[in-house]
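Engineer: Before anything else, here's the structure in question.
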Amino acid sequence: MLGTRTAIISLVSLYVTATATFVTLSGQQVRQTVSADHTVLEQRLDQAIVAETEPETLFAELRQQLPLRYGFVRHREEATQSVFGSYQEPNHYLAPLFDLFPSELRLEKTIADQDFRLQLDGNQYLRQAEQTLLPALTVVSAAFLLTLVLVFWRTIVTQRKLRILQNGIERLPSMELPSSLNRLSGRLTPLADAVHHTCGQLKDRLVKLSRASQVLQHPVLDPVTSLKSRALFNEEMERPANAEALSGHLVLVRAAALAELNERLGQTGGDRYLTEIAIVLKHIIKPFQSQQAEVYRYGATDFLIKLPQVTTDATKTLINSLGLQLSELAKHQEVENAGAVGAISYQQGDRISQLLTNLDTAISMAESQGAHGHYLMDNSLAELGLDSERWQGVIEDVIENGRLYFIHQKIRPTREEDRLYTEMLVRFKNEDDHPLPTEATFGMAARYGLATDLDKMIITHLLRELTQDSEGKEAYGINLANHSFSDAAFMSWLEHRIQDVPQLANRLVFEISERSIQNSATQATAYIERLHRLGVRICIDRFGTALTSFRFFQMLKPDYIKLGPDLTRDIESNPNNRFFIKMLLEIAMRLQIKVIATHVERSDEKVALEELKVHGLQGHHIAMPKPLHQVRA
């Protein structure tokens, strides 16, 4: 649209310039002609006076030589006068040329007892100019209109192609691209080819992931899934086969939809669902078979993966992939949530009971993220040794006594004119004033139904901080937990709290995870519209984690979207992510949404993201988190 507007403005400017040029030339030509005829008129009048020519004869002679409009001669002594024609100012539609280029159409002289007044016919000069000016203007106008039609036609064609390309991108998750995408030509051909290439890669990956591995042969197997059983897991953990199996990672997969499918389809349907999960798990550990990776059916809904000697980064990649495959399985089984994934590390000497407690905490963290969530527990959290009951008591103490504080992290705009904000990060403390792991606190609060109470406390403290900073104009962003955003009572409470302090609304940015919106898009749209009406701005956090991202943010039209770390990490060497971000920026620009890249940790990432022209950058390489007073200073 910007190119079309520029082209139209340029065309109009050229048209106006050409018209003005022709009018100027015509006006100058008229002035020169009138000036020359005025000189002749004056000379001829002088000659007639000397020769004492009769007025009627004078008028006749002048009429033959010049376009005379009016003549008047008065003899004061004899009290006689002669008149030719009638005096009239030019009334031709080109008469304004005489205002732009003044010309002497009249001649007045008094000699002895005679008065002479003569006027040239201005309309005749203008009619002569019209004969040359109109054809030129006609040609220019025709060329202008034809070019304008071509510009509009080209714009319509381009917009149609862009809609085809947009439709193709939106249908990437279904991997069924529209046939019209093949007909794109011109400059959009590379983009269409990139969409086809990306779709092909997605298909190849899903084909590889759908291949079922052969059932492992073992004397102690689960009868439904043919996986190793709980007893075998306990035995192998207590008596590892070799030293390499003494440390690594454990992954717990909880089949959340089993009860629903058993009720809807019977035990056969539930068993089929468990079998499909087993196939997915056996397939996903294939790259680690040389490291003696194993899958177990540990309980009715629980599966365990043992990954000896597998690194933390490799485990993160595995559980992320597993979350995506569970999402696909949910579509196949027609359920909202096919399961969650939690992971921990283990080492020699760890008690199985403590490992299972930590896995239970990790799966709770994953479930707090919504459908198909995944979470790898940090070692520091595992070392706390908090079981379920103790976690609940700690969180209740945090809420009751307001044991929190804020730190801030700046989001640096890449353009000076962009208005961004500072993200407010919450940190919790226990009764001994020792820090609590933030993510785990939120996750366990969700497990025990305390997420909304925790968020209410955070919002209350945030509004108190902003009220104390009454002269400040900085906008602050705060994350809303998934459970809180989907809770109607909490959202009603939040609206009333903002209405109590309307002067702070434009300083608030609520960050909502894409997963929260995906769980209930219709409800999310209504909540966001209501918050927008109060003057609050909205940011969709961790954008790009779901295959339906484009559909969501076009429907919701948030103020900001934050790219998840999977999109920004090593962006300089990832052409697929760069292509995705370029497409996202094009759509975001049309919807006036600002795109923020997060987790920017290296200068190469910063440079690559600036070249892509994202609107803002956030991460430790951009600005370290700071206490509140340092941000205000």
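Engineer: Sort out which residues of the stretch 508-528 are in a helix (DSSP H, G or I), touching a residue at least 60 places away in the same chain (Cβ under 8 Å) and under 19 Å from Ile478 (Cα atoms), and write them in order of number. Full working, then the answer.
Structural biologist: Step one: filter the stretch 508-528 for residues in a helix (DSSP H, G or I), giving 514-519, 521-528.
Those left that are additionally touching a residue at least 60 places away in the same chain (Cβ under 8 Å): 515-516, 518-519.
Residues satisfying the conditions are Arg515, Ser516.
Engineer: Looking at (1) closer than 29 Å to Asp350 by Cβ; (2) open to solvent by 50 Å² or more (accessible area, probe 1.4 Å), can you tell me which one His283 breaks?
Structural biologist: Looking at each condition in turn, His283 falls short on (2).
Engineer: So for the stretch 136-145 (the condition being more than 15 Å from Tyr15 (Cα to Cα), among the hydrophobic types (A, V, I, L, M, F, W, C) and open to solvent by 90 Å² or more (accessible area, probe 1.4 Å)), does at least one residue qualify? Break it down stepwise before answering.
Structural biologist: Residues of the stretch 136-145 that are more than 15 Å from Tyr15 (Cα to Cα), as a first pass: none.
Checking the stretch 136-145: not a single residue is more than 15 Å from Tyr15 (Cα to Cα), among the hydrophobic types (A, V, I, L, M, F, W, C) and open to solvent by 90 Å² or more (accessible area, probe 1.4 Å).
Engineer: I need the full set of residues from the stretch 441-493 which are charged (D, E, K, R) and more than 14 Å from Val398 (Cα to Cα), in order please. Lay out the reasoning, then the answer.
Structural biologist: Our first condition is that a residue be charged (D, E, K, R); within the stretch 441-493, this holds for 447, 453, 455-456, 464-465, 469, 471, 473-474, 487.
Correct list: Arg447, Arg464, Glu465, Asp469, Glu471, Lys473, Glu474, Asp487.
Engineer: Further question on the same structure: Among the residues of the stretch 391-406, is there at least one that is among the aromatic types (Phe, Trp, Tyr), part of a helix (DSSP H, G or I) and surrounded by 18 or more Cβ atoms within 10 Å (Cβ to Cβ)? I'd like the intermediate steps shown before the answer.
Structural biologist: Just the residues of the stretch 391-406 that are among the aromatic types (Phe, Trp, Tyr), to begin with: 391, 405-406.
Adding the requirement that they be part of a helix (DSSP H, G or I) leaves 391.
Within this subset, residues satisfying the condition of being surrounded by 18 or more Cβ atoms within 10 Å (Cβ to Cβ) are 391.
Taking every residue of the stretch 391-406 in turn, at least one turns out to be among the aromatic types (Phe, Trp, Tyr), part of a helix (DSSP H, G or I) and surrounded by 18 or more Cβ atoms within 10 Å (Cβ to Cβ).
Engineer: Follow-up question, since we're still on this one. For the stretch 150-168, does any single residue satisfy the condition of being surrounded by 13 or more Cβ atoms within 10 Å (Cβ to Cβ), outside any helix (DSSP H, G or I) and among the aliphatic types (A, V, I, L, M)?
Structural biologist: no
Engineer: Let me ask you something else. Considering every residue within the stretch 75-90, establish whether at least one is in contact with a Ser or Thr (Cβ under 6 Å, 6 or more places away or on another chain), touching a residue at least 24 places away in the same chain (Cβ under 8 Å), open to solvent by 70 Å² or more (accessible area, probe 1.4 Å) and among the basic types (Lys, Arg). Write out each step before concluding.
Structural biologist: First, the residues of the stretch 75-90 that are in contact with a Ser or Thr (Cβ under 6 Å, 6 or more places away or on another chain): none.
Taking every residue of the stretch 75-90 in turn, none turns out to be in contact with a Ser or Thr (Cβ under 6 Å, 6 or more places away or on another chain), touching a residue at least 24 places away in the same chain (Cβ under 8 Å), open to solvent by 70 Å² or more (accessible area, probe 1.4 Å) and among the basic types (Lys, Arg).
Engineer: Separate question: Can you go through Glu104, Glu108 and tell me which one is assigned to a strand (DSSP E or B) and open to solvent by 50 Å² or more (accessible area, probe 1.4 Å)?
Structural biologist: Details: Glu104 fails: assigned to a strand (DSSP E or B).
Exactly one residue qualifies, and that residue is Glu108.
Engineer: Within the stretch 133-168, can you find the residues that are touching a residue at least 24 places away in the same chain (Cβ under 8 Å) and closer than 30 Å to Gln28 by Cβ?
Structural biologist: Across the stretch 133-168, the qualifying residues are Leu133, Ala136, Leu137, Val140, Ser141, Phe144, Thr147, Leu148.
Engineer: To continue, here is another question. What about Leu126, is it of a type outside the set (Phe, Trp, Tyr), within 20 Å of Leu66 (Cα to Cα), in a helix (DSSP H, G or I) and open to solvent by less than 30 Å² (accessible area, probe 1.4 Å)?
Structural biologist: Details: of a type outside the set (Phe, Trp, Tyr): yes; within 20 Å of Leu66 (Cα to Cα): yes; in a helix (DSSP H, G or I): yes; open to solvent by less than 30 Å² (accessible area, probe 1.4 Å): yes.
Yes.
Engineer: Taking the stated definitions as given, is Thr57 surrounded by fewer than 16 Cβ atoms within 10 Å (Cβ to Cβ) and under 60 Å from the mean Cα position of the chain (by Cα)?
Structural biologist: On the way: surrounded by fewer than 16 Cβ atoms within 10 Å (Cβ to Cβ): yes; under 60 Å from the mean Cα position of the chain (by Cα): no.
Taking the combined requirement at face value, the residue does not satisfy it.
Engineer: So, one more: Give the stretch 477-492 a look and list any residue that's in contact (Cβ under 8 Å) with a residue 40 or more places away in the chain and open to solvent by 10 Å² or more (accessible area, probe 1.4 Å), or say none. Reasoning before the result, please.
Structural biologist: As a first pass, look at the stretch 477-492 and keep what is in contact (Cβ under 8 Å) with a residue 40 or more places away in the chain: 477-479, 481-483, 485.
Scanning the stretch 477-492 gives Asn479, Ala481, Asn482, His483.
Engineer: Out of curiosity, is Glu465 touching a strand residue (DSSP E or B) at 6+ places or on another chain (Cβ under 8 Å), open to solvent by 20 Å² or more (accessible area, probe 1.4 Å) and modelled with pLDDT under 85?
Structural biologist: Details: touching a strand residue (DSSP E or B) at 6+ places or on another chain (Cβ under 8 Å): yes; open to solvent by 20 Å² or more (accessible area, probe 1.4 Å): yes; modelled with pLDDT under 85: no.
Considered against the rule, which asks whether it is touching a strand residue (DSSP E or B) at 6+ places or on another chain (Cβ under 8 Å), open to solvent by 20 Å² or more (accessible area, probe 1.4 Å) and modelled with pLDDT under 85, Glu465 comes out as no.
Engineer: Also: Would you confirm whether or not the stretch 613-621 contains a residue that is more than 27 Å from Val195 (Cβ to Cβ) and open to solvent by 20 Å² or more (accessible area, probe 1.4 Å)?
Structural biologist: yes
Engineer: Enumerate the pairs (first residue in the stretch 32-48 and more than 16 Å from Ala60 (Cα to Cα); second residue anywhere and open to solvent by less than 50 Å² (accessible area, probe 1.4 Å) and assigned to a helix (DSSP H, G or I)) with beta-carbon separation below 7 Å, excluding pairs fewer than 6 apart on the same chain, so at least 6 apart or on different chains.
Structural biologist: Short answer, once both residue conditions are applied: Thr33/Tyr125; Val34/Tyr125.
Engineer: On to the next question. Which of (1) open to solvent by 10 Å² or more (accessible area, probe 1.4 Å); (2) part of a strand (DSSP E or B) does Ala446 not meet, given it meets every other one?
Structural biologist: Among (1) open to solvent by 10 Å² or more (accessible area, probe 1.4 Å); (2) part of a strand (DSSP E or B), Ala446 violates only (2).
Engineer: Return yes or no: is Ala338 among the small types (Gly, Ala, Ser), open to solvent by less than 10 Å² (accessible area, probe 1.4 Å) and at pLDDT 85 or above?
Structural biologist: Numbers: among the small types (Gly, Ala, Ser): yes; open to solvent by less than 10 Å² (accessible area, probe 1.4 Å): yes; at pLDDT 85 or above: yes.
Yes.
Engineer: Out of everything in the stretch 322-357 that is free of Cβ contacts under 8 Å to residues at least 40 places away in the same chain and not hydrophobic (A, V, I, L, M, F, W, C), what residue ends up being nearest to Ala231 (Cα to Cα)? Even if it seems obvious, please write down each step before you answer.
Structural biologist: As a first pass, look at the stretch 322-357 and keep what is free of Cβ contacts under 8 Å to residues at least 40 places away in the same chain: 331, 334, 349-351, 353-354, 356-357.
Keeping just the survivors that are not hydrophobic (A, V, I, L, M, F, W, C) gives 331, 334, 349-351, 353-354, 357.
Details: Lys331: 32, Glu334: 32, Gly349: 19, Asp350: 17, Arg351: 15, Ser353: 14, Gln354: 17, Thr357: 17 Å.
Taking the candidates together, the pick is Ser353.
Engineer: Could you name every one of the strands (runs of 3 or more DSSP E) located completely within the stretch 278-362 that has at least 1 residues being under 28 Å from Arg542 (Cβ atoms)?
Structural biologist: On the way: elements: 294-297, 302-308, 340-346.
It comes to 302-308, 340-346.
Engineer: Would it be correct to say that Ile9 is over 21 Å from Asp121 (Cα atoms) and open to solvent by 40 Å² or more (accessible area, probe 1.4 Å)?
Structural biologist: Spelling it out, Ile9 is indeed over 21 Å from Asp121 (Cα atoms) and open to solvent by 40 Å² or more (accessible area, probe 1.4 Å).
Engineer: Checking Leu356 against (1) open to solvent by 50 Å² or more (accessible area, probe 1.4 Å); (2) under 25 Å from Arg205 (Cβ atoms), only one condition comes out false. Which one?
Structural biologist: The number of the failed condition is (2).
Engineer: Provide a single number: the residues in the stretch 169-189 that are free of Cβ contacts under 8 Å to residues at least 60 places away in the same chain, farther than 17 Å from Leu585 by Cα and not polar (S, T, N, Q).
Structural biologist: Our first condition is that a residue be free of Cβ contacts under 8 Å to residues at least 60 places away in the same chain; within the stretch 169-189, this holds for 171, 174-189.
Of the ones still in play, those that are also farther than 17 Å from Leu585 by Cα are 171, 174-187, 189.
Filter again for not polar (S, T, N, Q), leaving 171, 175-178, 181, 183-184, 186-187.
Qualifying residue count, the stretch 169-189: 10.
Engineer: Restricting attention to the stretch 569-606, and to residues there that are of a type outside the set (A, V, I, L, M, F, W, C) and in a loop (DSSP other than H, G, I, E, B), which single residue is most open to solvent (accessible area, probe 1.4 Å)?
Structural biologist: First, the residues of the stretch 569-606 that are of a type outside the set (A, V, I, L, M, F, W, C): 569-570, 572-578, 582, 586, 590, 592, 594, 598-599, 601-606.
Restricting the remaining residues to those that are in a loop (DSSP other than H, G, I, E, B) gives 569-570, 574, 592, 598-599, 601-602.
Values: Arg569: 122, Asp570: 66, Asn574: 46, Gln592: 158, Thr598: 11, His599: 80, Glu601: 89, Arg602: 80 Å².
Filtering the stretch 569-606 for residues that are of a type outside the set (A, V, I, L, M, F, W, C) and in a loop (DSSP other than H, G, I, E, B), the one most open to solvent (accessible area, probe 1.4 Å) comes out as Gln592.
The values are calculated or read from the model by the stated rules, or taken from the named source; none is laboratory data. Values in this document were obtained by computation on a predicted structure and should not be read as measured data. So basically every Cβ, Gly included, is an ideal-geometry build from the backbone, and we count neighbours across all protein chains shown. Calculation scope for accessible area: heavy atoms of the full protein, side chains included, ligands and nucleic acids excluded. Shrake-Rupley method; radii C 1.70, N 1.55, O 1.52, S 1.80 Å.
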